[in-house]
Amino acid sequence: MTLFRIVFSLLFLSGALLAAEERPNLLFIYLDDFGWRDTGFMGSDFYETPHLDALAREGMIFTHAYSASANCAPARASLLSGQYTPRHEVYNVGTGPRGKSAYRRLEHIPGVDTLDPEITTWAQCIQASGYRTATMGKWHLSDDPLPYGFDVNVGGSHSGGPPRGYYPPHPKVAGLGEVPKGEYLTDTLTHRAIDFIEENQDQPWMLYLTHFAVHTPLDPKKELVAKYQAKPPGELHDHVAMATMIEAVDTGVGRIVSALQETGTRDRTVIIFFSDNGGYGPATDMDPLKGYKGTYYEGGIRVPFFVNWPGVVEPGQTVETPIIGVDLFPTFCEILGADLPEGQPLDGVSLVPLFRGGSLEGGERALFWHFPAYLQSYSIKTEQRDRLFRSRPCSVIRKGDWKLHQYFEKNEFELYHLGKDPGETTNLVETEPERFEELKQDLETWRKEIQAPVPTELNPEYDEEAERKALAK
């Protein structure tokens with residue numbers, strides 16, 4: 001046990017912390033590749049999410065919530081560490097180059113593929129303050145999540161996708177070794193979550209329910225396929241398999257809320273809902289936002305978010321203040337009464353003042369993204385900068401309604417006013433020179449302060465003519 005955990009365990013045992021019956025529980029629902037408009041409360045006209053919609057209506061919806069990265073591993077590393085990518089150095093899924101080498105002008109920054117165990121996570125802070133902690137579903141940051149602050153692990157490993165799809169068997173995966181034949185993985189995680197809630201109803205708990213859904217493979221829940229095949233397509237959404245996967249998540253959330261009510265713990269359980277990045281481009285749409293998972297346009301990083309906190313958050317609120325994944329570390333710790341780690345930089349701020357109807361300390365702030373790597377294109381090639389890559393090496397800043405992209409290969413910039421142009425269609429670099437220079441300086445200053453590596457080494461395998469021909473197709 002680390003000195004950090006020993007100190008906080010002693011505090012807990014000495015009675016310095018709140019009694020169990022006065023401490024809230026936390027259910028954190030974190031979906032994979034779930035798009036900004038993939039719920040009813042965000043406007044889907046095909047997917048059905050009545051239970052999530054009810055929780056959102058009874059809580060506070062954030063319409064400008066962002067992941068800290070456009071794809072899953074770095075987003076999760078930022079979430080758990082409370083740090084932007086240059087600090088933990090998880091930049092991509094894996095450390096190898098992505099996409100055809102002849103089309104990559106620069107050598108990427110490989111980073112690491114495991115979250116440094118020396119970095120304290122919010123789960124460790126919460127665990128050390130006396131909570132029973134569990135992670136259920138996707139982990140993706142190491143071989144085993146338990147050393148990072150969890151008492152229970154169901155399904156978590158270094159794998160980024162569901163174990164052999166959404167139907168069993170799931171061999172050699174923690175907590176999934178014995179699953180009834182034909183049981184859908186999302187349902188299995190729901191069952192395990194309910195078991196955890198029932199087993200710990202007399203003590204404070206934190207559950208990180210990190211569903212594999214709706215990550216590929218798009219493996220539909222079989223008994224729901226006919227329903228959506230018969231349903232008229234919406235103007236926004238119409239993907240049958242995705243619809244069944246989303247309904248499975250939503251139905252599970254409804255069952256979990258029922259379990260909270262039956263155990264008498266609903267009124268002291270905070271529920272927060274979030275996604276790790278934008279939606280899967282070939283199957284969903286974030287319109288009017290441009291982009292999807294893997295791009296640094298809004299559709300790749302803006303995601304649904306709500307908080308439902310009985311007795312604290314007034315129902316029926318919608319907030320436009322921009323927030324980002326690194327904010328959840330100090331937020332969780334404040335909600336649950338856990339102390340922040342000493343000496344570890346955290347890049348976010350607690351959202352509790354917003355939850356209570358106030359504003360964030362310090363007023364308007366900038367949000368940042370840094371991706372010194374490449375991510376190859378989907379089979380679809382729209383809503384991205386070019387047809388070969390969803391993203392090339394870049395940094396991005398949002399400040400107020402303004403957003404600036406910088407792409408390092410040719411030092412190209414894109415400036416947008418999100419209030420007037422959420423689809424990022426009109427580049428204002430030439431027409432707003434003062435705003436451009438302000439954000440450019442802010443971005444450069446941030447990179448210097450955080451020591452963000454910028455790729456500059458030329459790729460010897462790059463073939464400019466081959467790239468030109470491929471772009472022209």
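The values are calculated or read from the model by the stated rules, or taken from the named source; none is laboratory data. The model shown is predicted, which means the values in this text are computed figures rather than measured ones. Note that we place each Cβ from the backbone using ideal geometry, even for glycine, and neighbour counts take in every protein chain shown.
Close Cβ contacts (under 8 Å, 6 or more residues apart or on different chains) running from residues in the stretch 379-393 that are touching a residue at least 24 places away in the same chain (Cβ under 8 Å) to residues that are among the hydrophobic types (A, V, I, L, M, F, W, C) and part of a strand (DSSP E or B) comprise Phe389/Leu375; Arg390/Leu375; Ser391/Phe371; Ser391/Leu375; Pro393/Leu106; Pro393/Phe371.
Summed over the stretch 427-467, the residues that are part of a helix (DSSP H, G or I) and in contact with a Pro (Cβ under 7 Å, 6 or more places away or on another chain) give a count of 1. Restricted to the stretch 232-266, and to residues that are small (Gly, Ala, Ser) and not in a helix (DSSP H, G or I), which residue is surrounded by the most Cβ atoms within 10 Å (Cβ to Cβ)? For the stretch 232-266, the residue satisfying everything is Gly234. Counting the residues of the stretch 267-292 that are buried (at least 19 other Cβ atoms within 10 Å of the Cβ) and either of a type outside the set (A, V, I, L, M, F, W, C) or farther than 23 Å from Val307 by Cβ (or both) gives 14. Those helices (runs of 4 or more DSSP H) of the stretch 36-106 in which at least 2 residues are crowded, with 24+ Cβ neighbours inside 10 Å and either modelled with pLDDT under 95 or more than 13 Å from the chain's Cα centre (by Cα) (or both), considering only elements entirely within it, cover 50-57. Here Arg435 fulfils each of the conditions (1) without any contact (Cβ under 8 Å) to a residue 60 or more places away in the chain; (2) basic (Lys, Arg); (3) buried (at least 17 other Cβ atoms within 10 Å of the Cβ); (4) within 30 Å of Val313 (Cα to Cα) apart from (4). Restricting attention to the stretch 129-172, the residues that are among the aliphatic types (A, V, I, L, M) and either surrounded by fewer than 18 Cβ atoms within 10 Å (Cβ to Cβ) or free of Cβ contacts under 8 Å to residues at least 40 places away in the same chain (or both) total 2. Taking strands (runs of 3 or more DSSP E) as the structural unit, those lying wholly within the stretch 369-425 and holding at least 2 residues that are within 20 Å of Glu444 (Cα to Cα) correspond to 394-399, 402-407, 412-417. Residues in the stretch 257-275 that are touching a residue at least 40 places away in the same chain (Cβ under 8 Å) and either in contact with a His (Cβ under 9 Å, 6 or more places away or on another chain) or among the small types (Gly, Ala, Ser) (or both): Val257, Ala259, Gly264, Ser275. State whether the residues of the stretch 416-430 include one that is aromatic (Phe, Trp, Tyr) and either surrounded by fewer than 17 Cβ atoms within 10 Å (Cβ to Cβ) or under 17 Å from Pro288 (Cβ atoms) (or both). Yes, there is a match, as at least one residue in the stretch 416-430 is aromatic (Phe, Trp, Tyr) and either surrounded by fewer than 17 Cβ atoms within 10 Å (Cβ to Cβ) or under 17 Å from Pro288 (Cβ atoms) (or both). Would you call Leu360 at pLDDT 95 or above and over 30 Å from Ala466 (Cβ atoms)? When the stated conditions are applied, Leu360 does not pass them.
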